[in-house]
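The values are calculated or read from the model by the stated rules, or taken from the named source; none is laboratory data. Just so it is clear, the model here is predicted, and its values are computed rather than measured. All Cβ positions, glycine included, derive from the backbone under ideal geometry; neighbour counts span all protein chains shown. Please note that ligands, DNA and RNA were not included when accessible areas were found on the heavy atoms of the full protein model with its side chains. Shrake-Rupley method; radii C 1.70, N 1.55, O 1.52, S 1.80 Å.
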Amino acid sequence: MERLLTQVLLGSDGGGQSLFSTIKIAVLPIAKVFTMCFLGFLMASKYVNILPANGRKLLNGLVFTLLLPCLIFSQLGQAISLQKMIEWWFIPFNVILATITGSLIGLLVATIVRPPYPFFKFTIIHIGIGNIGNVPLVLIAALCRDTANPFGDSEKCSQDGIAYISFGQWVGAIILYTYVYQMLAPPSEGTFDVEGGHLPIKSHPHNGNDAPEQVPLLSQDPEPTPSKEPSKGKFNEFLIFIYHKLKLKQIIQPPIIASILAMALGCVPFLKSLIFASDGPLFFFTDSCMILGEAMIPCILLALGGNLVDGPGSSKLGFRTTAAIIFGRLVLVPPTGLGIVTLADKLGFIPAGDKMFKFVLLLQHTMPTSVLSGAVANLRGCGKESAAILFWVHIFAIISMAGWIVLYIHILF
């Protein structure tokens, strides 16, 4: 019995990854993430207090507008080509499938649990929308940093993984600012603040002397009216209508711009050799982006850990709904993703032999609720409830992600 246990833990004569090695490979990246988050938590605590709320807000802004775009541009631009864009078509499609299946599971859970009014659609979204950007980037970077990682060369592992993740982010942004934005719209009463079953009436200010707290949090922007100027034709009016309806200002964010630029430049051989090749005359720009991009991982983890210092805050969801969202997102969604990716592999939709590609697809179904969905929720007036969900989901995701990664590595290797 002792000999059998030793063979299971330390490996068998048949080769492959032993159980102990698989657990080590899966748990170490989570441990690194947890350590950096804890340091952020410590820096933001009242005992140290060198990372206050304003500082975390500035750090988040720096990551989102500079460091993350630099990382995406440098890594995706070097890895992408026109041929690879054709081969990678399933990555954005997998993001769409993850949203559909996750939302269906969210609908099922919400139907069973019956969350308090008006948080039915809120429950669906926080189960259905996973983090396909920041957290997977952190995990891939932590995993590939280890020379004993099962994916081979650390540099190629990191470059391919970041490129795959970045390639799907533009679809995720469109989903966030169209589908999620509409689903998190406040009820007909105009507010999520429901006390004792009584719905407060949303009052609009009648003059400019109203106090700020009397101004409604959400108010409908006036629809763009057709211009009376004869110089603007029907086509210009149509473009303005599309711009406002699709909320392009929210969709076209710095990481998305970086992804589009990287794909556009990386798919043209001449421009790629000019900018992304190590001997190219403009490679200094890419190299500068790479240096800045390396700071993204620690900065975002310090900010994430600091955000946990305030705790879950107040929430009207209750224990039952909160637990159901955590269970649905971290336990029910990943198996459906495993089924989708396995079926896609059998149908030949995934490049043969590319295990990192398959691993990234699986991660897209396994991550906790998207942090950006919390930003949209805050915009729509249910930010406190979303913050509480994000707090608990990320706490329990430390355990769930380790377990799912152990399973994925065991399947892949």
Any hit, the range 346-366, residues being outside any loop (DSSP other than H, G, I, E, B), surrounded by fewer than 18 Cβ atoms within 10 Å (Cβ to Cβ) and free of Cβ contacts under 8 Å to residues at least 60 places away in the same chain: yes
Verdict on Phe20 being assigned to a helix (DSSP H, G or I), modelled with pLDDT under 85, among the aromatic types (Phe, Trp, Tyr) and open to solvent by 80 Å² or more (accessible area, probe 1.4 Å): yes
Evaluation of Lys156 against (1) of a type outside the set (A, V, I, L, M); (2) farther than 23 Å from Ser400 by Cβ; (3) not in a helix (DSSP H, G or I) (one fails), failing number: (3)
Helices (runs of 4 or more DSSP H) lying entirely in the range 254-343 (those with 2 or more residues that are in contact with a Pro (Cβ under 7 Å, 6 or more places away or on another chain) and surrounded by 15 or more Cβ atoms within 10 Å (Cβ to Cβ)): 254-266
Where a residue in the range 150-161 is surrounded by 15 or more Cβ atoms within 10 Å (Cβ to Cβ) and its partner, wherever it lies, is of a type in the set (S, T, N, Q) and part of a helix (DSSP H, G or I), with Cβ under 7 Å and at least six apart: Gln159/Gln75; Gln159/Gln78
Residues of the range 67-120 satisfying the condition of being small (Gly, Ala, Ser) and assigned to a helix (DSSP H, G or I): Ser74, Gly77, Ala79, Ala98, Gly102, Ser103, Gly106, Ala110
Condition check for Leu372: at pLDDT below 90, under 24 Å from Ile72 (Cα atoms), of a type in the set (A, V, I, L, M) and buried (at least 17 other Cβ atoms within 10 Å of the Cβ): yes
Single residue of the range 112-138 satisfying the filter (within 12 Å of the chain's Cα centre (by Cα) and at pLDDT below 90) that is nearest to Ala375 (Cα to Cα): Asn131
Odd one out for Gln78, checked against (1) crowded, with 23+ Cβ neighbours inside 10 Å; (2) over 18 Å from the mean Cα position of the chain (by Cα): (1)
Residue in the range 350-367 that is closer than 27 Å to Lys121 by Cβ and over 18 Å from the mean Cα position of the chain (by Cα) present: no
